[in-house]
Each structure stands twice: as C-alpha cells, then as structure tokens.
Amino acid sequence: MKKQIFFFSLLCFQFYAYAQQDAWVYFVDKQNVSQYLANPVTILTQKAIDRKERYNIAIDERDVPVNENYISQIKVQEGITVLAKSKWFNAVHIRGSETNINALNNLPFVSRVRFANKNLNNTTTTKQEKQKEVSKLETALVTFNYGNALNQIQMFNGDKLHVLGFTGKGITIAVLDAGFPNVNIMSSFQRLRGADNLLGNYDFVNRDDDVFTNTVSNHGTLVLSDMAGYIENQFVGTAPDASYYLFTTEDDTSENPVEESYWVEAVERADSLGVDIVNTSLGYKDYGPNYSSYSYTDSDLDGKTAYITKGANIAFEKGLLLVTSAGNSGSSGVGAPADSQYVLSIGAVDASGNYASFSSIGNAFQPSQKPDVVAQGQSSYVITENDVLSTASGTSFSAPILAGGIACLWQALPNKTNAEIMQLIRASASLYTMPNNQLGFGIPDLNDTLLKAMLSDDNDENTKDIKLFPNPSKDIVFVDLPNDETEATIRFYDILGKQVLDFKLNLKQTPIDILSLPVGLYIVKIESTIMSKTFKFIKK
C-alpha cells in the first residue's frame, strides 16, 4: 500500500511539475514617467548619465522602473510566482499553470501575456540545442607557463596596447555568468580587489549579493580570470585595470527560459550603473527534453526573436558593447543572444589561429556575419577557483579574452561609440574581405585598429598647415610648418602628462631624433609663432 501511495504521489508531482508554465507578462504603462525623466539621477548613476550624454543616447521611458504596485498585484494572483522583472520590456517573468497565467489577461494593467512555450501562443517550435557551456568545459592542470598564456593576448596584439599604457583603466565591464567562487579571497584577484576595481555583485537567481559561494560552477571565475586575473610573472588578464561588476544569471540546476529574463534584468542594471562592456559566456537555444517546448528553432535565431536577443538589441541601443560567446555547438550554429547583429559574437581558434572544431558556426538565418571575429578558445589559459593556473577550452574563454582587449582599445579611443568600436574590430580582422561562417571576419588586430583610428582622428582634427610625420616612427620624425614659418617648439609628453623631450625647430622638415624615447604613446605639442597644434604620436 505504501508503495502505491508513493507511486500515486510521484505521479501527482510529475503532473504538477509538467503543468507549470513560464511566461512573460507585459504591463500597459509605467508610473511617474515624466518625473523620473526630469530627474534621471533618481534612476541612473551619474556615470550612466555621463555615458549616455557622451554618446548622445536618449534617456527614455525604458529607463524608468517597472510599477512595483503592478508586480505586487501579480504576486497575489492564484498559483503565480514572479521570478524576474524587466524595465526595458516593462514586464515580469512568471511561473504558474496555463489557466492561472491566462487569467492574468483580465487584469486591467496587463497589456499581454506571452508563454515561453510557443505552442501556447499558437506558434510552432521544435527541439533545439541550448549551449550550456558550463557543462562543456575541458580543463587540464598544467605547469605555470606565462609564455603560453601570453599567446592568447598576442594573437590580436592586445599586449601592444598594454605597452602603450592602455590596460582597461576607466572602462567598466559587467560579467554575466553562473557564479564566481572564491573571487573574493583568491590571491589571483588581489590586484583587482586592492585597486577597488571590483565594484559590486548580485545573484539574480538566488536574489542575494553573494556570487562567491552559492554556486556549484566555477565557470564565472575562469571567465573573469582571462580579463582580470593577475599572477606576478606568470599570468596577466587582458584588462587587468578595468573595473568589474559580477552578476549571476545562469542557474546550473535549471534548463529554463527564466535565465534569459535574469540576463535581461542584469543588463538593465549594468546600464543603470554606467557599465561600458558586458561579457556573456552563455548561450540559449535548446532547453532539453523537459522543456523542449521552450526551445528555439533555427529560424528563431534571426537576431530579433529570442527574448534575450531582444534585450541585447535594446542594450546596444543604450550604448553598451556586448561581447558574447558564439557557442560550442559546431555545425548546430550559434545561439541567442549571439545571433544579434548588435552583439559582437566571438568564435574560437587554437593557439595557432586555426578553427576549433567545437566553435559554433553562423548561418543564413542571422542578419549579419556570425561569428563576428575569433580569438583563442582552445586550450586557453585560465585561473581556477583554487588559484591554480590551468587550461580550458570553449568560446566561453575566447569571448572574455577578447573583451578585455576591447576594453583597452576603448580606453584608448574614448570618443568612439559602441558601434564604431565594433566595426573597427571587424575591419581589422584577418578575413575582413572574405569572411566565412567558421571564423567570421577572422582574428582582429587591436594595435592596428588603434593606430589607424588615431591617425584618422589626427587627420580630421588637424589643419593642413602643421604636419608631424611619419607616425608611428622608430627613430626620427619631421615637422612641416605653415606658410613661411621656420621656427617652432616641439614638446613630447608621456601618457601621464610629464614632458620627456623638448626641441627647438629652426628650419622646415629638420629631422628630430626620437631614438631615446621608450616605445609607447605620446602627446606632441607643436607651437609656431602664429598657431599651435597637438598630436597623438606612437614610438615603435
């Protein structure tokens, strides 16, 4: 009898679990919109406001919080659990029975309800593959070897940006992942913590501010190490001086579209905090046999259908630069949000720059070339949660390795928009004129990107009357003065503003010896009797 009762109870439980559905509930309006927009500092940090002003990005109704009264009323409805919220979509992610969810349409403040199970929205879905990269890590302990670790930044010449003094300082990166065990105590992140560059963290899955202990995955720690990790003489992340927010959005115990909602909520918070770059080493496509009705078809991966992708598109519009793993699904293709044309999706190559067989390829469903570019993702060096240098494989690592390099590039080119930075990166890549679906535009060259952008800026900003050339140069430079001018003062300043060279020019185009200057970036100020001009100059 006890066995029968247990079996009956199990059936009831399984039926109940199966009957639970996920859905998004959209609201008709927001509260006090005009007041919030008139005083944006009540909803955004000053850093976020400054970033939007710098790039001429409007602060609009989407930045206004969701009406908490509406959320409270949803919470008290029969059989409904609220799991996440989104100010950009003016919506909440809920769970409940189909009947109870449909009943929400009767509430006057509900605009519409959309089920994650598209069959319930009268649409057709097929089983897909979700890229759970956390379970696809290929790790192996290795002997410390800085030379090998250096390859992953040298591949795109990010180390040359470090030489120029661009190490990510002033750029803020939000890392959205599955958890970050021991980041708060590891010696490998002491440099990060000691500089007060770990700005904050939040677990959107468990709704607390502990991303360091309540996780079974070390994935976020490995990902962060490729940007922010530092072991003296052994390992340097690609953006060691950037600032970071750590957000847990991936639930290791679940295969459910609520993770997409957690991600959108986290990106909204990142935007409000003034974050510049968002790194996502996650992707969504198939939700497995238990939630197959939630899965996306290939045709859904069109850059505008998946909930997370729609959120990414808004984030781009808000000025964020999103760097995302293309995925580890090979010919099965990229997932969301990497399918968006407004997301820089990163594929993987090995240490020699050859295509890594697991790296997801693009296809005709995407509105733009996917992946965008590639970086080392096979046998990448990482630091584990045990403070051990190791290797791991996956686009989970090619994305942050390059994201850190992009932070350094944006530090050097602060007046460029997110769209301009993305295009500069694509245009610098090895296959830009002949991209393919395995490598996208290829391996970017961030140093070449910087040089061309800086020289282009100088050509735009400076008159034809004063010229400094060649730039860059190893040994000598020349100055061409306006009209009949023959005298000028030329001063070289390092990136800290300290004067390092001073010349008096008495004849046009007299060679100036710069051989004694260390390799790096300099500001050159040239003053003649009638005008002065400032140039950015690179000593090779």
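The values are calculated or read from the model by the stated rules, or taken from the named source; none is laboratory data. Since the model is a prediction, treat every value here as computed from it, not as a measurement. Glycine gets a Cβ as well: all are built from the backbone with ideal geometry, and neighbour counts include every protein chain shown. Quick note on the areas: whole protein, heavy atoms, side chains included, nothing else; ligands and nucleic acids left out. Shrake-Rupley method; radii C 1.70, N 1.55, O 1.52, S 1.80 Å.
Subtracting the Cα-Cα distance of Ala19 and Arg207 from 0.36 nm times their residue separation leaves 65.2 nm of extension gain. Residue ranges 52-59, 167-174 sort as 167-174, 52-59 when ordered by packing (mean number of other C-beta atoms within 10 Å per residue, highest first).
At the listed q of 0.05, 0.08 Å⁻¹, the Debye profile of the chain, built from one uniform point per Cα, gives log10 I(q)/I(0) equal to -0.23, -0.56. In the context of the full protein assembly, Asp502 retains an accessible surface of approximately 80 Å², using a probe radius of 1.4 Å and ignoring ligands and nucleic acids.
Within 9 Å, Cβ to Cβ, of Ala116, how many net charges do the neighbouring residues add up to if Lys/Arg are +1 and Asp/Glu are -1? Don't jump to the answer; show the numbers that get you there.
Values: positive: Arg114, Lys118; negative: Asp22, Glu260.
With Lys, Arg at +1 and Asp, Glu at -1, the net is 0.
Among Asp226, Asp196, the order of accessible area from largest down is Asp196, Asp226, computed with a 1.4 Å probe on protein heavy atoms. Could I have the simple spin-label model distance between Lys452 and Tyr355, label points 7 Å from Cα toward Cβ, reported in nm to one decimal? Inter-label distance under the simple model: 2.4 nm. A cut-off under 13 angstrom between Cβ atoms defines the neighbours of Gly165, and their net charge, with Lys, Arg +1 and Asp, Glu -1, is +2. Within the assembled protein chains, the solvent-accessible surface assigned to Ser111 is about 70 Å², based on a 1.4 Å probe.
Highest mean first, the peptides 66-78, 348-360 sorted by other C-beta atoms within 10 Å per residue fall in the order 348-360, 66-78.
Cβ neighbours within 10 Å, averaged per peptide: list 244-254, 38-48 in order, most packed at the top.
Values: 244-254: 21.9, 38-48: 14.2.
Put in order of decreasing packing, that is 244-254, 38-48.
If you count the DSSP beta bridges with both ends in the stretch 291-415, what percent of them are antiparallel, to the nearest 5? Before the final figure, lay out the partial values.
Numbers: 5 of 12 bridges.
Close to 40 percent.
Per residue, the chain exposes 41 Å² of accessible surface when a 1.4 Å probe is rolled over the protein heavy atoms with every protein chain present.
Going down the table (Lys87/Lys310; Lys467/Lys536; Lys285/Lys370; Lys169/Lys452; Lys467/Lys504; Lys52/Lys416), which pairs top 18 Å between alpha carbons?
Numbers: Lys87/Lys310 13 Å; Lys467/Lys536 12 Å; Lys285/Lys370 15 Å; Lys169/Lys452 21 Å; Lys467/Lys504 16 Å; Lys52/Lys416 13 Å.
Over 18 Å Cα-Cα: Lys169/Lys452.
Beta bridges from DSSP with both residues in the chain: antiparallel share about 65 percent, rounded to the nearest 5.
A simple charge model with +1 on the Cβ of Lys and Arg, -1 on the Cβ of Asp and Glu and nothing else charged puts the dipole of the chain at about 360 debye relative to its Cα centre.
In terms of accessible area, using a 1.4 Å probe and ignoring ligands and nucleic acids, Ser217, Ser430, Ser292 rank largest first as Ser430, Ser292, Ser217. If only the Cβ of Lys and Arg carry +1 and only the Cβ of Asp and Glu carry -1, the dipole of the stretch 350-488 around its Cα centre is close to 760 debye. For the chain, what % of the accessible area comes from carbon and sulfur atoms, probe 1.4 Å? It is 50 percent, rounded to a whole number.
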